[in-house]
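Data block below; observations after.
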Amino acid sequence: VLLRRRPPKGLLGGMMEPPGSDWRDSSWSEEEARGAAPLKLDWVALPGVVRHVFTHFELELIVYAGKAPRFAPINDGVWAEPERFDSYALPSVMKKVARHAIKKTS
């Protein structure tokens with residue numbers, strides 16, 4: 001699974017996450033979401049959504065999955081085995097995202 005570090009300042013600053021688009025009030029179109037992808041792959045929207053409540057807003061995420069060649073070169077991030085997620089600073093919302101993706105792609 002590809003993980004990257006969030007910007008140092010702001011919500012969840014400096015923590016790790018699967019790559020994604022910026023969070024905003026309006027939904028991203030599928031074209032916009034695919035344009036924000038970290039690699040050129042055949043991305044597929046997984047069924048269902050991931051919901052997480054922060055103190056001041058609720059977040060709903062649609063998760064996309066794509067199959068990359070094993071350890072494909074990347075510009076930003078690290079490849080992580082799901083069994084090693086505890087080695088990374090993954091916030092609870094991103095653990096939900098990872099669990100959702102693993103469940104829906106298994």
Given the residues Gly10, Gly14, which is the only one that is open to solvent by less than 50 Å² (accessible area, probe 1.4 Å) and part of a loop (DSSP other than H, G, I, E, B)?
Gly14
Complete set of residues in segment 17-31 that are exposed (fewer than 15 other Cβ atoms within 10 Å of the Cβ) and closer than 20 Å to Arg5 by Cβ
Asp22, Trp23
Selection from segment 17-27 of residues that are in contact (Cβ under 8 Å) with a residue 24 or more places away in the chain and in a loop (DSSP other than H, G, I, E, B):
Pro18, Pro19, Gly20, Trp23
Single residue of Arg51, Arg34 found to be touching an Asp or Glu at 6+ places or on another chain (Cβ under 6 Å) and either surrounded by 12 or more Cβ atoms within 10 Å (Cβ to Cβ) or charged (D, E, K, R) (or both)
Arg51
State all residues of segment 28-43 that are out of contact with any helix residue (DSSP H, G or I) (no Cβ under 6 Å at 6 or more places or on another chain) and either in a loop (DSSP other than H, G, I, E, B) or under 18 Å from Asn75 (Cβ atoms) (or both); if no residue qualifies, say none.
Trp28, Ser29, Arg34, Gly35, Ala36, Ala37, Pro38, Leu39, Lys40, Leu41, Asp42
Among residues of segment 64-106 being β-branched (Val, Ile, Thr) and in contact with a Pro (Cβ under 8 Å, 6 or more places away or on another chain), the residue modelled with the lowest pLDDT is Ile74
Restricted to segment 55-84, and to residues that are closer than 24 Å to Gly10 by Cβ and assigned to a strand (DSSP E or B), which residue is farthest from the chain's Cα centre (by Cα)?
Glu58
Is there a residue in segment 37-45 that is surrounded by 12 or more Cβ atoms within 10 Å (Cβ to Cβ) and either basic (Lys, Arg) or free of Cβ contacts under 8 Å to residues at least 12 places away in the same chain (or both)?
no
Residue count for segment 71-101, restricted to those that are under 16 Å from Arg6 (Cβ atoms), of a type outside the set (A, V, I, L, M) and touching a strand residue (DSSP E or B) at 6+ places or on another chain (Cβ under 6 Å)
4
Considering only residues of segment 85-101 that are under 11 Å from the mean Cα position of the chain (by Cα) and under 18 Å from Asp22 (Cα atoms), which is surrounded by the fewest Cβ atoms within 10 Å (Cβ to Cβ)?
Lys95
Matching residues, segment 54-81, being over 14 Å from Gly20 (Cα atoms) and open to solvent by less than 40 Å² (accessible area, probe 1.4 Å)
Phe54, Ala68, Ala72, Ala80
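The values are calculated or read from the model by the stated rules, or taken from the named source; none is laboratory data. These numbers come from a predicted model, not from an experiment. Counting neighbours? That spans all protein chains shown, and the Cβs are built from the backbone with ideal geometry, glycine included. Protein only, heavy atoms only, side chains kept; ligands, DNA and RNA dropped before computing areas. Shrake-Rupley method; radii C 1.70, N 1.55, O 1.52, S 1.80 Å.
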